[in-house]
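Undergrad: Please find one structure pasted underneath; my questions will follow.
We did not get these values from a lab; they are worked out from the coordinates using the rules stated. Everything numeric here is computed off the predicted structure, so don't read it as measured data. Cβ atoms come from the backbone with ideal geometry, glycine included; neighbour counts cover every protein chain shown.
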Amino acid sequence: MNFDGHNINLKVDTGSSETYLVYGGWYESLYGRGSCKDLISGCYFCPPTDPCDLDTLLAQKIEELEYIDGDVVSYVNRNVTINFGERKISKFQIGLMVGCSRVDKDIQPYALLGLSSSLPQEPHAQVKTPSFIKQLVDAGEISHSTISIHVSKLSRGLSGQLVLGESMPQSKDTTLLPLREASYYDDTLGVVVSAVWVRSPSSSSPMMELPEVGLSVGIDTGADVTTVPEKLFSMLWEAIEKEFGRELIDRVHPNEPFDALILGGPFFIDHDVSIDFDDGVVGIRTRSGESSTDPELPGSSKDAWGGQRMTDSAGTPCFIKLFRGRMVDDVLSVPRVALEIIQY
């Protein structure tokens, strides 16, 4: 995307409602003049018609965001002009990064496109900075508060097609779920499931069930991995031990288990996801070409989710995760869906 003449690569994040750019004056104060050319996302500099520098920005109110992994981003709000081909949107509010804990670990900061949108709030609740989507609607650039994500490549982040403002796709192979705010982090989008099943690929292996009433599942393109809660983590290891034999398995224990089920970036390789904030609905469509030998689950036979192949650092397949959902009720009235995770 182009902001005041600067082309910026943004990380798309459905787990955040904030959008910010890396301010070049701050970044080059750390790494030297011209260092922005080596930043993957690119840097933003204020235009001559509306100049700014690091000192004037630091004198403004500084906002801070702390993420689940402990990273902290400091930014100030700034009105910019966004260029969409021949179209321009002026006075668009964006954050300019003036601090980030990632640089303390010699890791590049990045520009972020937050696609979450606050769900309806209680009366008199404090109103946040308008989200990216809401600003587009208010400017008349899109007519619907909707997003559709089609990922074609997972490398250093996600690459693919992002469509804003179009109607929710309607097809028989798209499962619609009520949109919820994930329980583990504000602004992260999520759905609610009623149970998770786990079993090994062996057809003779018994199925283990994690019954949960209202288990929150986050849908987070900003997460690099898919995360499972501690109980489900233990069930996965038990399934692996049953498949290969306990004597061949060295069980690992996470140092700081994160007790949440989050569908991160790899999930989007095999699934198209659409979100309608106006109607509060998430649509998930499994792409064609998935295996037809997946074991059946209890409940409806309507498929919701498919699978993904994982590789190690050398590119060798090391295991396969299959996420398969079944509608077990009319989810628009009773939000219950079953998930299965199979480890190979």
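Undergrad: Charges at C-beta only: +1 for Lys and Arg, -1 for Asp and Glu. How large is the resulting dipole of the stretch 2-141 about its Cα centre, in Debye rounded to 20? Please report the intermediate quantities before stating the final value.
TA: Working: 12 positive and 19 negative charges, 69 e Å.
For this selection, approximately 340 debye.
Undergrad: Got a sec? How would PHE233, PHE244 order by Cβ neighbour count within 10 Å, fewest to most?
TA: Fewest to most other Cβ atoms nearby, the residues stand as PHE244, PHE233.
Undergrad: Under a 5 Å amide H to amide H cut-off, with H placed in plane at 1.01 Å, what residues pair with VAL22 once short-range neighbours are removed?
TA: TYR44, MET97, ALA111
Undergrad: Using 0.36 nm per residue, how much length does the chain from GLU247 to LYS105 gain when fully extended, once their Cα-Cα distance is taken away?
TA: Full extension from GLU247 to LYS105 adds 47.3 nm.
Undergrad: How many percent of all Cα-Cα pairs in the stretch 51-101 sit more than 12 Å apart?
TA: Beyond 12 Å sits 68 percent of the P(r) for the stretch 51-101.
Undergrad: What is the fewest-to-most order of ILE142, ILE8 by other Cβ atoms lying within 10 Å of their Cβ?
TA: Values: ILE142 17, ILE8 20.
So the ranking, lowest neighbour count to highest, is ILE142, ILE8.
Undergrad: Between SER167 and GLU66, with labels modelled 7 Å along Cα→Cβ, what's the label distance in nm to one decimal, could you check?
TA: 4.5 nm
Undergrad: May I pose another question? Place a label point 7 angstrom from the Cα of CYS52 along the Cα-to-Cβ direction, then list the residues of the stretch 96-119 whose backbone nitrogen is under 19 Å away.
TA: Answer for the stretch 96-119: 96-101, 109-114.
Undergrad: Next question, about the same structure. Expected output is a single nm value to one decimal: the length gained when fully extending between ASP278 and LYS153, i.e. 0.36 nm times separation in residues minus the C-alpha distance. What is it?
TA: Values: separation 125, 0.36 × 125 = 45.00 nm, distance 2.89 nm.
Gain on stretching ASP278 to LYS153: 42.1 nm.
Undergrad: Take the Cβ-Cβ distance between GLU141 and GLU230 as r, set R0 to 41 Å, and report the resulting FRET efficiency rounded to the nearest 0.05.
TA: Working from the Cβ atoms, E equals 0.40.
Undergrad: Moving on to the next point. Over all alpha-carbon pairs in the stretch 2-141, figure out the percentage whose distance exceeds 20 Å.
TA: Roughly 47 percent, rounded to a whole number.
Undergrad: May I ask you to sort MET235, MET168, MET97, MET1 by Cβ crowding, counting other Cβ atoms within 10 Å and putting the fewest first?
TA: With the sparsest Cβ surroundings first, the list reads MET1, MET168, MET235, MET97.
Undergrad: Counting Lys and Arg as +1 and Asp and Glu as -1, what is the net charge of the other residues whose Cβ lies under 15 Å from the Cβ of PRO51?
TA: Taking every other residue near PRO51 into account, the sum is -3.
Undergrad: Let me ask something else. In nm, to one decimal, how far is the modelled label at GLU181 from the one at ASP259, with both set 7 Å along Cα→Cβ?
TA: Simple spin-label model gives 2.1 nm for this pair.
Undergrad: Separation between the TYR31 and ASN9 pseudo-spin-labels, each 7 Å from Cα along Cα→Cβ, expressed in nm?
TA: 1.2 nm
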